[in-house]
Ligand SMILES: Nc1ncnc2c1ncn2[C@@H]1O[C@H](COP(=O)(O)OP(=O)(O)OP(=O)(O)O)[C@@H](O)[C@H]1O
């Protein structure tokens, strides 16, 4: 039997070289990537940016494709999408005819329930079979957010938890099948829940690279528990933590301390990525990684690499100075 040669999966750029380098090229095709974080951490903003970036030609790190945005929390963030589309078009006006063309390549579908999502995926499967002949087939699917679909529909009883887990597996199997069959990148956003201190809290179980995840000073973990965690191939976590960056005055008054929100993306688990973290900022043009050191941890030992020394990052001429958003 011939040895099977495995090629690295094609990736979709996030529209920022710093974040792309952090994710070894972007969001991989053929698998499910989860982006979890508390409200306001930038999940939707990053998802919208990815929907636009997928349209870029392969030579610019895109998938030369249309993308599908399935959103479960109305209203659709139309104004933000419009703002990002304009900024995207300005950056790539030599590639696209107009900002309308850019917007038209993003298909949007609202979801009512988890069952509705499954129905949409069934239709998507047959649609993609025909789609492959088109010039801009769908190669990116974003679900924003998965937790919202399961939040109200299920009680905390053993029967409902089993029913919920079955639905997770049904949905994730279909998503993986679509991802592998058509080379689609799937990004699913997820919310976080607080981890209670009681010893019986299953949410406190360690999954992936970190003993604990913290955001806004709280210990949190991605929603939907261990059964959903086993349905995704990669998990990224977005944290927001306040840090003191200096004193406005020297009189020691705590209220006069200068603070900022430090946002970081962490690799919780991913078959192709080491445990690492990267700071990012959000502005009206999108989400951008901050140049500087990437902290990578291998078998408990931390290594630091300086991205500012990499010539690739000179392409990134946006202002990455940090500040309060
Ligand atoms: N134009 C902008 N300029 C600066 N910051 C912005 C801009 N648009 C959004 N943000 C920042 O992004 C954050 C909102 O991000 P986003 O809605 O993507 O978060 P989310 O994680 O999806 O939240 P939720 O779970 O509530 O949907 C805001 O807190 C704001 O700080």
| message | Looking at segment 5-23, can you tell me whether even one residue there is within 16 Å of the ligand (Cβ to nearest atom), out of contact with any helix residue (DSSP H, G or I) (no Cβ under 9 Å at 6 or more places or on another chain), in contact (Cβ under 8 Å) with a residue 60 or more places away in the chain and closer than 22 Å to residue 143 by Cβ? | response | no
| request: Filter segment 53-69 down to residues that are in contact (Cβ under 8 Å) with a residue 60 or more places away in the chain, crowded, with 18+ Cβ neighbours inside 10 Å and more than 16 Å from the ligand (Cβ to nearest atom), then give me how many there are. | output: 7
| query | Which pairs have Cβ atoms under 6 Å, sit 6 or more apart or on different chains, and link a residue in segment 34-52 that is over 16 Å from residue 72 (Cβ atoms) to one that is in a helix (DSSP H, G or I) and more than 7 Å from the ligand (Cβ to nearest atom)? | reply | 52/88
| request: Look through 279, 243 and report the one residue that is within 16 Å of the ligand (Cβ to nearest atom), surrounded by fewer than 16 Cβ atoms within 10 Å (Cβ to Cβ) and either farther than 30 Å from residue 114 by Cβ or at pLDDT 95 or above (or both). | output: 243
| said: Just checking, does segment 70-83 include any residue being modelled with pLDDT of 95 or more, away from the ligand (no atom under 13 Å from the Cβ) and touching a strand residue (DSSP E or B) at 6+ places or on another chain (Cβ under 7 Å)? | reply: yes
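The values are calculated or read from the model by the stated rules, or taken from the named source; none is laboratory data. Just so you know, these numbers come straight off a predicted model, no measurement behind them. Note that we place each Cβ from the backbone using ideal geometry, even for glycine, and neighbour counts take in every protein chain shown.
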